[in-house]
Amino acid sequence: MQSFILMPEKLLEIKPILPQNREAAIELVNQFFRMVNKLPLDGIFKIRPRAAAKMVDIYLKLRATDKVLFIGGFIDEELVSLLIARVEEKPYLIEEKNLFIDLAITKQGKRKSGYMKPLVDETFRYAKEKGILAIELRAISENEGAVEFWKKMGFDPFYVRFRKSVE
């Protein structure tokens, strides 16, 4: 899988994240994790140090399976956006499986430039190819930009996830 999308004045290349992209992927995931840790959440939800490296390394190992989509949007050799999704088996549902987007991030300074939409489009292509009927994701309600983006992409709220600290 490799595709090219003509963006205003630039060519966005969508391709799998490979071991040689590890450091750039870690930095991009770290940008997202730092942003999440700054959100005014419940005081308990915090992403651990080095979580980005662990997450990227896990998905680099899993990318060889038929259960993971780990793709990036590149301008020349610069990683500007990244999407990680995994197949969830749901044998108790008629749909049997779905594709769950674990993470979707565009580099700071490049957000709202259209670099995520082609990755989401590729995710839908991948799901169709695998016979998957639905794509799901979670977005932190405080991350209003993400919530707005996913709604613009045609995603509808489906579950309500509640959280309460144990006192």
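The values are calculated or read from the model by the stated rules, or taken from the named source; none is laboratory data. For clarity, every value in this text was computed on a predicted model and none was experimentally measured. So basically every Cβ, Gly included, is an ideal-geometry build from the backbone, and we count neighbours across all protein chains shown. Note: areas computed on protein heavy atoms with side chains; ligands, DNA, RNA excluded. Shrake-Rupley method; radii C 1.70, N 1.55, O 1.52, S 1.80 Å.
Listed by position, the strands (runs of 3 or more DSSP E) enclosed by segment 1-84 that each have at least 2 residues that are modelled with pLDDT of 95 or more are 10-16, 68-75.
Could you tell me how many of the residues in segment 116-167 are open to solvent by 90 Å² or more (accessible area, probe 1.4 Å) and assigned to a helix (DSSP H, G or I)?
In the first step, residues of segment 116-167 are kept if they are open to solvent by 90 Å² or more (accessible area, probe 1.4 Å); the result is 117, 125, 128-129, 133, 138, 141, 144, 151-152, 156-164, 166-167.
If we keep only those that are assigned to a helix (DSSP H, G or I) too, we end up with 117, 125, 128-129, 144, 151-152.
Final tally of qualifying residues: 7.
Please work out which residue is farthest from residue 97 (Cα to Cα), limiting yourself to segment 49-74 and to residues that are of a type in the set (A, V, I, L, M) and open to solvent by less than 20 Å² (accessible area, probe 1.4 Å).
Going residue by residue through segment 49-74, those that are of a type in the set (A, V, I, L, M) are 51-53, 55-56, 58, 60, 62, 64, 68-69, 71.
Pick out the ones that are also open to solvent by less than 20 Å² (accessible area, probe 1.4 Å) and you get 52, 56, 68-69, 71.
Details: 52: 26, 56: 23, 68: 13, 69: 14, 71: 20 Å.
Here the answer is 52.
Scanning segment 88-111 for residues that are open to solvent by 70 Å² or more (accessible area, probe 1.4 Å) and in a strand (DSSP E or B) gives 89, 96.
Taking the condition touching a Ser or Thr at 6+ places or on another chain (Cβ under 7 Å), in contact (Cβ under 8 Å) with a residue 24 or more places away in the chain and either within 27 Å of residue 147 (Cβ to Cβ) or of a type outside the set (Ser, Thr, Tyr) (or both), does residue 57 pass?
Details: touching a Ser or Thr at 6+ places or on another chain (Cβ under 7 Å): no; in contact (Cβ under 8 Å) with a residue 24 or more places away in the chain: yes; either within 27 Å of residue 147 (Cβ to Cβ) or of a type outside the set (Ser, Thr, Tyr) (or both): yes.
In short, no.
The single condition from (1) in contact with a helix residue (DSSP H, G or I) (Cβ under 7 Å, 6 or more places away or on another chain); (2) open to solvent by less than 70 Å² (accessible area, probe 1.4 Å); (3) closer than 30 Å to residue 166 by Cα that residue 46 fails is (2).
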